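Input: a single structure, listed below in structure tokens.
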Amino acid sequence: MLMATTASAEEVSWALTPTPNDGAAVDWLGVKTPSRSDGKKFRLDSFNLFVGFLKTGGTSYGVSTTYMIISKSNASETSVANSNVVAISTNAPTPANDYATYTFDGAELEPGTQYYLYWVTSNSPASTYSTTTQRLGVYKQSYEPGMYFSNTIRTDYSPAFHATLTPVEGSSQGTDEPDDPSGEDDTRQLLFDNAGSSVPYRIPALAQAVNGDIIALTDYRQGKMDIGFGAVDIHARISTDNGASWGSEFCIAGSNAITGKDSQYYGDASIVADREKNEVLVMLVSGTVGFTASTRNNPIRMAYARATYDEMAGEWQWTAPTDITSAVYGLLPTAKSLFFTSGKICQSKTIKVGTHYRIYSGVCVRTTSGGSTNYNFVMYSDDFGETWKVLGSSTTPCVSSADECKCEELPNGNVVLSTRVAKGRKWTIFTYTNQTTAEGSWSATVSPSSSNGGIYDADDTNPCNGEILLVDAIRQSDQAEVKLALQTVATNRRNVTIWYKPLESESDYDTPANFAKTWEGKYQVSSSTSCYSTMIQQSENRIGFFFEENSYNSGYDMVYYRYQLETITGGKYSLKTESSDKPKCETPVLALENGQVKCTCATPDVKYAYTVSMGDCTGESADGIIKLGSTFTVSVRAIREGYKSSDVSTLEFKLPDIGDMNGDGAITIADVTALVNRILRK
């Protein structure tokens, strides 16, 4: 029987319905903890495991020096990695009366997680626990049912045994940091339940649109393989309340979605939501050819899908994927194989040359068919993915001996590239000489090192795709404003962690060597198997974090958190809010200033203006400029000298509905003024 002897008002009964060993020479019994909406761990206080030893031919099994462990290792393993062990019994008793008691004091278990109970031969191995050759099963007796060893597996257990689990106060999965007082922080949300699906999920991507909707994407791997090796679709869920809840799962890119193409599959999505308009771009790896088998004549393919928000319908409209393979390969004449890295596509905050602010995506490339060496290039687009160009040389890679990579814009407008490699990350920086024409050059690459105080883990030999993000932060110790760099890594596809580093001056990021060194701290998100991760800065002062956790059935659970920056940094930093830049206007109106309609709080010299219900005038944007493509509603009202209140006319309209009101052949902010003037008959 499993039991917890310490009781509290929050104890939860845990009905264990074990999955017994199938008869192989592995000692395990699989059980899964209940889910919790708040993500808190369970604690097993004075957790006692009673084990009876059945005899064969009058001889008891020799168990006098064995221990029991609780582990996250896969049940098929004959040796259990030390790093997977959650708890080990504190004693190895000599059996008496054919049973023994094993105690796990204070073991903490994560909610909704599969665990395995093993009988092992040692409690202090160098790296692994060796399991015994006996088998665990459940055997019916006339007294209290328990868990027993048996020379033959028994599946006729009844009833199931129970344990009492106590939620751990002040902790959530993967951390002992305090919860957000508002109750909205650090809440683990399982967006795509891999363990409950026969089709595995993989590869996270996340973006937040202008209207506040958060879009989460993942591979839906029907063939249980990576794109190029079987059927893969892209599934999505959308949150309309900043990640507090999520809509139903749906497919945005399915098999055979491109007309005239056979067996077109889509995976490894990367996403960006435009910072001005309700538009979303998703880059997709597609086709049936894998990365290693690709040639220029038969390549791994590239496509994109788009979405725009339909104001009338109140929903996103998605296009079918468009194949751009030839155009992309045409930019890199030496490439035999390439793909855009999954996760977040970076959009500039400062550089706008074409119709949209510039976007960047890292590309993983092979230049020889069947070769084993990967390279990185970076592509950019000034028209939101309609066309792409190479940032820097199209023949000389910016990183050699590379893998998947991510881009981020530095405070001076240059671009840092973070590349997945063993033991940490590789870094390089593109320095502009002309931002408009995208002229400049990449610096030499800096590899992870144990000597510079940077992101380094000597044990990490199986790295995976992470994410880099820069945010505006306030240092709590002195209230100084700093840029804070965040970078995610996982060690051998376990223990996903967020590292952080303040960028106080340009000397902290002017070279890759300076950017790579002296990262201040880290926050471990997960203590289990965990892999690819991505993150964005959300509204309402949160970091949206989306990652893979709990490996099972060729996939992972796709898990979402919305963190406060204080949680990630141990209270050292908080996100700088837009209200820090500009106080909220109590009586906002719109007025024409230097050709742009801007917010103002007083109109002594303005003969007419326009009141506004949402947008910049409510303090939601730092620059005070009302931009085309915004989704808020404006109430237009005449404010003229000598007008009575009865003369005030009001009209509701949305900025995306504005046409070319002044006939100059373009839709600009001047059309807002022209529309209002027409309404007012001026």
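Does region 326-382 come out rounded, prolate or oblate by the C-alpha gyration tensor, with a ≥ b ≥ c the root eigenvalues, rounded set by a/c under 1.5 and, if not, prolate when a/b is larger than b/c and oblate if not?
Verdict is prolate for region 326-382.
At a Förster radius of 41 Å, what calculated FRET efficiency corresponds to the Cβ-Cβ distance of LYS389 and SER477, to the nearest 0.05?
For LYS389 and SER477, the calculated efficiency is 0.45.
Quick one: net charge of ALA480's neighbours, Cβ under 13 Å, K/R +1, D/E -1?
0
Given a 1.4 Å probe and the protein chains all in place, what does the accessible area of THR529 round to, in Å² to the nearest 10?
30
Which value results for Rg/Rh of region 359-423 when Rg is the Cα radius of gyration and Rh the Kirkwood radius based on the inverse mean 1/r?
Rg/Rh for region 359-423 comes to 0.99.
Using 1/(1 + (r/R0)^6) with R0 = 56 angstrom and r between the beta carbons of SER539 and ASP664, what's the FRET efficiency to the nearest 0.05?
After rounding to 0.05, the efficiency reads 0.95.
With each pseudo-label sitting 7 Å past Cα toward Cβ, what's the ASP193-THR350 distance in nm, one decimal?
4.7
Kindly rank 311-320, 462-471 from highest to lowest mean number of other beta carbons found within 10 Å of each residue.
Top of the packing list down: 462-471, 311-320.
Can you compute 3J(HN,Hα) from phi for each residue in region 560-566, using the Karplus curve 6.51 cos²θ - 1.76 cosθ + 1.60 with θ = phi - 60°, rounded to whole Hz and x for Gly and Pro?
Per-residue couplings from phi come out as 10, 10, 10, 8, 7, 5, 4 Hz.
Stretched out fully, how many nm does the piece from GLU276 to PHE250 gain, at 0.36 nm a residue minus the Cα gap?
6.8 nm
Extent of region 213-313 along each principal axis, from alpha carbon coordinates, in Å, largest to smallest?
Its Cα atoms span 43, 27, 23 Å along the three principal axes.
Label region 411-529 by shape, choosing from rounded, prolate and oblate, from the square roots a ≥ b ≥ c of the eigenvalues of the Cα gyration tensor; if a/c is under 1.5 it is rounded, and otherwise prolate applies when a/b is larger than b/c, oblate when it is not.
Cα axes put region 411-529 in the oblate bin.
Roughly how many Å² of ASP459 are accessible to a 1.4 Å probe, to the nearest 10?
The accessible area of ASP459 comes to roughly 110 Å².
Taking the Cβ of ALA216 as the center, what net charge do the other residues with Cβ under 11 Å away carry, scoring Lys and Arg +1 and Asp and Glu -1?
Result for the local shell: -1.
Which distance in nm do the two modelled labels at GLN435 and THR308 give, with both placed 7 Å along the Cα-to-Cβ direction?
Taking the simple label geometry, GLN435 and THR308 are separated by 2.8 nm.
Please give the contour-minus-distance gain from THR240 to SER372: 0.36 nm per residue of separation, less the Cα-Cα distance, rounded to one decimal in nm.
That works out to 43.2 nm of additional length.
Grab the Cα-Cα distance for THR322 and SER451, subtract it from 0.36 nm times how many residues apart they are, and report the gain in nm with one decimal.
41.8 nm
If DNA, RNA and ligands are ignored and the probe is 1.4 Å, what is the ranking of TYR360, TYR556, TYR456 by accessible area, most exposed first?
TYR456, TYR556, TYR360
The values are calculated or read from the model by the stated rules, or taken from the named source; none is laboratory data. What you see is a predicted model; the values in this text were computed from it and never measured. Cβ sites come from the backbone with ideal geometry, for glycine too, and all protein chains shown count toward neighbours. Note: accessible area is taken over every heavy atom of the protein model, side chains too, but ligands, DNA and RNA are not part of it. Shrake-Rupley method; radii C 1.70, N 1.55, O 1.52, S 1.80 Å.
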